[in-house]
């Protein structure tokens, strides 16, 4: 499968190069998603300003769980694979948890009670684009109002990212993880 829109090629404008330098580790080429969006300076600038990859109201593990669950639900192996490859070990997601984020659910034994709520939140948003009162109350007992808003923005942003990566047919990055195969019953 090849991408539907060719990525922009270097040299990039000073503004786009500065965006890449701000998000990519030194010496690492920008992701295909970023270079594809770089075909339009306005679009990449707006996209980068909404990324929520800064230090916010969530732990890195919480953030990555939401990103991985949302991108798995939306079948964005591209984005899921980038995040699992770059962050799973760092946030101590084990093999069972990685599998559960793709094929399991909040009832899996590998999750703490707080983590189960994050998965339930992602599932509710994915299914109904809403959160019922009981789940909201449970989340509110753990997360601040600002963190709750961040969770909603994060899930929505990565649903948008999934639309982009899937519809643009972006090929996996060379270092990306791939979805684990479903276990046969």
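The values are calculated or read from the model by the stated rules, or taken from the named source; none is laboratory data. What you see is a predicted model, and the numbers here were worked out from it, not measured in a lab. Every residue, glycine among them, receives a Cβ derived from its backbone with ideal geometry; neighbour counts consider all protein chains shown.
Screening 147, 155 for residues that are surrounded by 13 or more Cβ atoms within 10 Å (Cβ to Cβ), out of contact with any helix residue (DSSP H, G or I) (no Cβ under 8 Å at 6 or more places or on another chain) and in contact (Cβ under 8 Å) with a residue 24 or more places away in the chain leaves exactly one candidate, 147. Inside region 94-105, residues that are in contact with a helix residue (DSSP H, G or I) (Cβ under 7 Å, 6 or more places away or on another chain) and either farther than 22 Å from residue 126 by Cα or crowded, with 23+ Cβ neighbours inside 10 Å (or both) make up a count of 1. Among helices (runs of 4 or more DSSP H) entirely within region 1-54, having at least 2 residues that are more than 19 Å from the chain's Cα centre (by Cα) and in contact (Cβ under 8 Å) with a residue 24 or more places away in the chain singles out 14-23.
The number of residues in region 66-117 being assigned to a helix (DSSP H, G or I) and over 14 Å from the mean Cα position of the chain (by Cα) comes to 11. Got at least one residue in region 12-31 being closer than 30 Å to residue 182 by Cα and not assigned by TED's automatic domain parsing to the domain that holds residue 115? Scanning region 12-31 turns up at least one residue that is closer than 30 Å to residue 182 by Cα and not assigned by TED's automatic domain parsing to the domain that holds residue 115.
State whether one or more residues within region 50-61 are more than 30 Å from residue 114 (Cα to Cα) and buried (at least 16 other Cβ atoms within 10 Å of the Cβ). Within region 50-61, not a single residue is more than 30 Å from residue 114 (Cα to Cα) and buried (at least 16 other Cβ atoms within 10 Å of the Cβ).
Pairing residues of region 113-141 that are outside the structural domain of residue 153 (by TED's automatic domain parsing) with residues that are modelled with pLDDT of 95 or more, at Cβ distances under 8 Å and at least 6 apart in sequence or on separate chains, gives no pairs at all.
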